[in-house]
2 protein chains.
Amino acid sequence: MANWKEFQEANKDRFLNELLELLRIPSISARSEHKDDMLKCAEVIKEKLLSAGADKVEIYPTPGHPVVYGERITDPAKPTVLVYGHYDVQPADPLELWHSDPFDPTIKDGKIFARGACDDKGQFYMHIKAFESMVASGEELPTNVKFIIEGEEEIGSPNLAPFIKEHKELLKCDVILISDTAMISLDTPSIDVGVRGLTYIEVEVTGPNRDLHSGVYGGAVNNPITALCNIIAQLHDENNHITIPGFYDNVLESTPDERALMAEAPFSQEEFNSDLGIAKEWGEKGFTTNERTGIRPTLEVNGIWGGYTGEGSKTVLPSKAFAKISCRLVPNQGSHEIEQKLISHIESLAPDGIVVKAKPHHGGEPYVTPIDSISYKAAAAAIHDVFGKDPIPVRGGGSIPICALFEQELGVKVVFLGFGLDSDNLHSPNEKYDIANFYKGIETIPHFHKHFAALSAKG
Amino acid sequence: MANWKEFQEANKDRFLNELLELLRIPSISARSEHKDDMLKCAEVIKEKLLSAGADKVEIYPTPGHPVVYGERITDPAKPTVLVYGHYDVQPADPLELWHSDPFDPTIKDGKIFARGACDDKGQFYMHIKAFESMVASGEELPTNVKFIIEGEEEIGSPNLAPFIKEHKELLKCDVILISDTAMISLDTPSIDVGVRGLTYIEVEVTGPNRDLHSGVYGGAVNNPITALCNIIAQLHDENNHITIPGFYDNVLESTPDERALMAEAPFSQEEFNSDLGIAKEWGEKGFTTNERTGIRPTLEVNGIWGGYTGEGSKTVLPSKAFAKISCRLVPNQGSHEIEQKLISHIESLAPDGIVVKAKPHHGGEPYVTPIDSISYKAAAAAIHDVFGKDPIPVRGGGSIPICALFEQELGVKVVFLGFGLDSDNLHSPNEKYDIANFYKGIETIPHFHKHFAALSAKG
């Protein structure tokens, strides 16, 4: 282990500079004008995998953005770790709220500010650098290592499922290791043992067949904005329960013991509110903030637009209004089932004179890693080696839709080893990643491989 | 009268071409980048007034867009007609819904398609051409004529009030004549005897101090879009009455006789619905469509926006959401009073964890022309001369906020002589004005001047 650490210590500035290089590429998967940036990003990752010591690297084209695959197989008898990550990032808008250019990474107070700094370039890149340091140490690697770095996670991985199905032999492994989640803090390390599923739809509400003068027609024609607001207002009841019929049918309720364990994680509601600048928290009655974001399903409006939104005023009664709405799901809610229930319910709320149509964007299933699995135990032991304490198992609020598919197709467990923080502004202006977390991750990962190999040999 | 008509007949193609020239200038008052177009438009109007026979024309600068004034005073003893119009137009977006360029007027099926074709360039320009034909006839004009053509009607005429107050002597007159309204049809001529007042505000709803990841925070933080939708959903009750406390306090209820008279205007609910492509009408319980748009106050959301509104999906829980909301007012609701009530009510609906701020855009008072006034009688007689039947007095739904101010400052009545149609797509894509209506207006206006002079002499 000493050799790996020495190599890491000697090369830390280079590791950081390479990450900054990756962050300069605006690999926004949702925007077609960035198609070339996606290709460029894939090429850079290929080079980095090769120079780190992969003995085979390939860029696989898909109907969307390409998948980068790399491997170093030293002994078929060893257990194999498949590292998953994604090189695509969320759109950076609203640009005016960034304090620095999202694609010109800026270091301030030991933090890297850039789109993708934490989600997920900074995190998957730790694995390439940890792998490089293990190879460079000259010691035999405890595991075979495979990498699959995709370019469509932020748009729902539409082409990854067919890729996995077609390349089961290539991707064969004993565990899937993902760094795309957060820990509580470097002082209180934690491991996400679950991610929520996702259903994401877009709603189009149509009133009159053209934009109307709100003076001439106002008061006599149902306004699609008002209709849309009425529909959205009906999606939660007075206790902030979601009103979609059958929405909670398959929710696996956590036991009192599980909830008691969750409650042990250090959390201050006051600090949470103060950090967000809100006077009071909000959410489903009967649950704490950590439960609301961890073990409960939610419904959020991610965007709304209609009518005149420019400077000044325009007295229009618009023809259409739109919303983007998503649900986070928990075991055992099915993404497709909830999508259908959500769409049916919203369409059923159309009032007189209004047509409501909803279409699915993308979705993904919830996922839970059992804490008695070898995968979790290896991750916990790695954390203990480096941080000197046991990690707290927590349920994360985000979604990594591909987890359930990985398990289904490859028959192995996913384990999360995330080094982000909740304050990293994922999907928001001023996304950042602490340099200390980046280095801590690189240091921890080799321990995971060591423990996973040892536990696999025993088990 | 014969000479005017001959001159009009001989010059109708030129009249039309001049209007098209005016329509080519994108005089959008709400957009600062069109400041030069506004100046150019004012200059063209000045030239046209001079060549039509005005003996004094001046462009008055204001802190916003300039006012064009012109006059022909032939005898101080004659009654004076002050024609009001506006050369500014609404923004043309959404541009993709136009079938032709909004500022490259296109003639199809006898209609001029262009932004401002009806509202109000096509209508105020009828007065300049009618005036030109009266002057060209060589006969003595029955009235003194003054013109005030402003450039800020579509943004609430912020600089016209001070202008009127400072130029009371210049604007002194016996009636204010405005063509900025519609008639039922050329077969069923009508005259608007009232316009509604207006209150227009913008609402800013703030939740967390930054955009958040909807997975990490969703379910535990009040979403400003949902909060805004809840607020908007509370502004109407189940009978579509407006719920703002005190909103109806000063509404002058129409008598059963007045409502019976209104009901005589030809109207087909089926045709109304079919024209708009809606399955069912909507509105305040207990009132007909014409009453809802004529004698009842309304509240409409003119625009809404928040979160991610681009292509694809983004799982954001936004920091802010916005709406533009306006009310149409009827006698004797006060614009400022309703504005305060609306703002107080909306701000009072802020739920936990949300800050709601509303600011006024602009407003205007409702206005009614008595049908026993000389002004109305002159307009009705002019219509009878040209159309061969009495006009139906109707209450229009739109707002011309400056009417109440004109009466207050100048002490005379406003009369509407509008030749638009409800189907002219004011404020919407594909605004149009029928060429037949343009010519009919030019033909009718001299009759108004003749009758107004005669009735004034008698009265």
Next item on the list: Report whether or not A:Ile232 is assigned by TED's automatic domain parsing to the domain that holds A:Phe448, in contact (Cβ under 8 Å) with a residue 40 or more places away in the chain and buried (at least 24 other Cβ atoms within 10 Å of the Cβ).
Entry: no
Note to self: Among the listed residues B:Ser32, B:Ser51, identify the single one that is free of Cβ contacts under 8 Å to residues at least 24 places away in the same chain and surrounded by fewer than 23 Cβ atoms within 10 Å (Cβ to Cβ).
What the structure shows: B:Ser32
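Looking at A:Glu339, is it at pLDDT 95 or above, in contact with a Ser or Thr (Cβ under 7 Å, 6 or more places away or on another chain) and of a type in the set (D, E, K, R)?
Yes: the conditions hold for A:Glu339.
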Check: Failed condition for A:Asn273, given (1) within 22 Å of the chain's Cα centre (by Cα); (2) outside any loop (DSSP other than H, G, I, E, B); (3) surrounded by fewer than 20 Cβ atoms within 10 Å (Cβ to Cβ), with all others met?
Finding: (1)
Check: So which pairs qualify, if the first residue must be in region A:369-398 and on the phi < 0 side of the Ramachandran plot and surrounded by 17 or more Cβ atoms within 10 Å (Cβ to Cβ), the second must be hydroxyl-bearing (Ser, Thr, Tyr) and part of a loop (DSSP other than H, G, I, E, B), the Cβ gap must be under 6 Å, and the two must be at least 6 apart or on different chains?
Finding: A:Tyr376/A:Thr369; A:Gly396/A:Thr181
Margin query: Given the criteria more than 7 Å from chain A (Cβ to nearest Cβ), closer than 30 Å to A:Glu202 by Cα, aliphatic (A, V, I, L, M) and in contact (Cβ under 8 Å) with a residue 24 or more places away in the chain, does B:Leu329 qualify?
Written below: no
Notebook entry, point to check: Which number in (1) buried (at least 21 other Cβ atoms within 10 Å of the Cβ); (2) at pLDDT below 95; (3) of a type outside the set (A, V, I, L, M, F, W, C) marks the one condition that A:Thr188 misses?
Noted result: (1)
Check: Across region A:263-282, what is the number of residues that are among the acidic types (Asp, Glu) and more than 14 Å from chain B (Cβ to nearest Cβ)?
Finding: 1
Next item on the list: Tell me which residues, restricted to region A:135-162, are part of a helix (DSSP H, G or I) and in contact with a strand residue (DSSP E or B) (Cβ under 8 Å, 6 or more places away or on another chain).
Entry: A:Val135, A:Glu153, A:Glu154, A:Ile155, A:Leu160
Checklist line | Selection status of A:Ser190, more than 9 Å from chain B (Cβ to nearest Cβ) and in contact (Cβ under 8 Å) with a residue 24 or more places away in the chain | finding: yes
Margin query: Against the condition part of a helix (DSSP H, G or I), charged (D, E, K, R) and more than 7 Å from every other protein chain (Cβ to nearest Cβ), how does B:Lys165 come out, does it pass?
Written below: yes
Notebook entry, point to check: Scanning for something in a loop (DSSP other than H, G, I, E, B), loosely packed, with under 15 Cβ neighbours inside 10 Å and not assigned by TED's automatic domain parsing to the domain that holds B:Lys324, does region B:289-312 turn up at least one residue?
Noted result: no
Next item on the list: Taking the options A:Gly294, A:Gly283, name whichever one is touching a Gly at 6+ places or on another chain (Cβ under 7 Å), at pLDDT 95 or above and within 18 Å of A:Gly398 (Cβ to Cβ).
Entry: A:Gly283
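Each row is one residue, and each column tells you yes or no for (1) modelled with pLDDT under 95; (2) assigned to a strand (DSSP E or B); (3) more than 8 Å from chain B (Cβ to nearest Cβ); (4) within 27 Å of the chain's Cα centre (by Cα).
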residue: A:Ile201; (1), (2), (3), (4): no, yes, yes, yes
residue: A:Glu204; (1), (2), (3), (4): no, yes, yes, yes
residue: A:Arg210; (1), (2), (3), (4): yes, no, no, no
residue: A:Ile225; (1), (2), (3), (4): no, no, no, no
residue: A:Phe247; (1), (2), (3), (4): no, no, yes, yes
residue: A:Leu252; (1), (2), (3), (4): yes, no, yes, yes
residue: A:Leu261; (1), (2), (3), (4): yes, no, yes, yes
Next item on the list: Kindly indicate the residue of region A:377-403 that is touching a strand residue (DSSP E or B) at 6+ places or on another chain (Cβ under 6 Å) and in a helix (DSSP H, G or I) and also modelled with the lowest pLDDT among those meeting that condition.
Entry: A:Cys403
Checklist line | Residue check, B:Glu311 acidic (Asp, Glu), within 20 Å of the chain's Cα centre (by Cα) and within 14 Å of another protein chain (Cβ to nearest Cβ) | finding: no
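In region B:331-364, what residues are outside any helix (DSSP H, G or I) and of a type in the set (Lys, Arg)?
Matches in region B:331-364: B:Lys357, B:Lys359.
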Notebook entry, point to check: If you scan region B:104-135, which residues turn out to be of a type outside the set (Val, Ile, Thr) and in contact with a Leu (Cβ under 7 Å, 6 or more places away or on another chain)?
Noted result: B:Pro105, B:Ala114, B:Gly116, B:Ala117, B:Cys118, B:Asp119, B:Lys121, B:Gly122, B:Tyr125, B:Met134
Notebook entry, point to check: closer than 28 Å to B:His167 by Cβ, outside the structural domain of B:Ala130 (by TED's automatic domain parsing), touching a His at 6+ places or on another chain (Cβ under 9 Å) and not small (Gly, Ala, Ser), is that true of B:Pro360?
Noted result: yes
Notebook entry, point to check: How about region B:87-105: which of its residues are closer than 30 Å to B:Ala378 by Cα and either surrounded by fewer than 20 Cβ atoms within 10 Å (Cβ to Cβ) or within 14 Å of chain A (Cβ to nearest Cβ) (or both)?
Noted result: B:Asp88, B:Val89
Next item on the list: Could you identify the single residue in B:Lys48, B:Lys5 that is modelled with pLDDT of 95 or more, more than 20 Å from the chain's Cα centre (by Cα) and not β-branched (Val, Ile, Thr)?
Entry: B:Lys48
Margin query: Testing A:Gly353 on (1) buried (at least 23 other Cβ atoms within 10 Å of the Cβ); (2) touching a strand residue (DSSP E or B) at 6+ places or on another chain (Cβ under 8 Å); (3) within 14 Å of chain B (Cβ to nearest Cβ), one condition comes back false. Which one is that?
Written below: (2)
Check: Within the set of pairs 6 or more residues apart or between chains, which connect a residue that is surrounded by 12 or more Cβ atoms within 10 Å (Cβ to Cβ) inside region A:157-169 to a residue that is among the aliphatic types (A, V, I, L, M) with Cβ atoms less than 6 Å apart?
Finding: A:Ser157/A:Ile402; A:Leu160/A:Ile402; A:Ala161/A:Leu405; A:Phe163/A:Val67
Note to self: Out of everything in region B:14-40 that is part of a loop (DSSP other than H, G, I, E, B) and under 11 Å from B:Tyr87 (Cβ atoms), what residue ends up being nearest to the chain's Cα centre (by Cα)?
What the structure shows: B:Ser29
Check: From the list A:Lys341, A:Lys320, which one is more than 8 Å from chain B (Cβ to nearest Cβ), touching a helix residue (DSSP H, G or I) at 6+ places or on another chain (Cβ under 8 Å) and surrounded by fewer than 24 Cβ atoms within 10 Å (Cβ to Cβ)?
Finding: A:Lys320
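The values are calculated or read from the model by the stated rules, or taken from the named source; none is laboratory data. Treat the numbers as computed from the prediction; the structure is a model and nothing was measured. Positions of Cβ are generated from backbone atoms using ideal geometry, with glycine treated the same way; all protein chains shown enter the neighbour counts.
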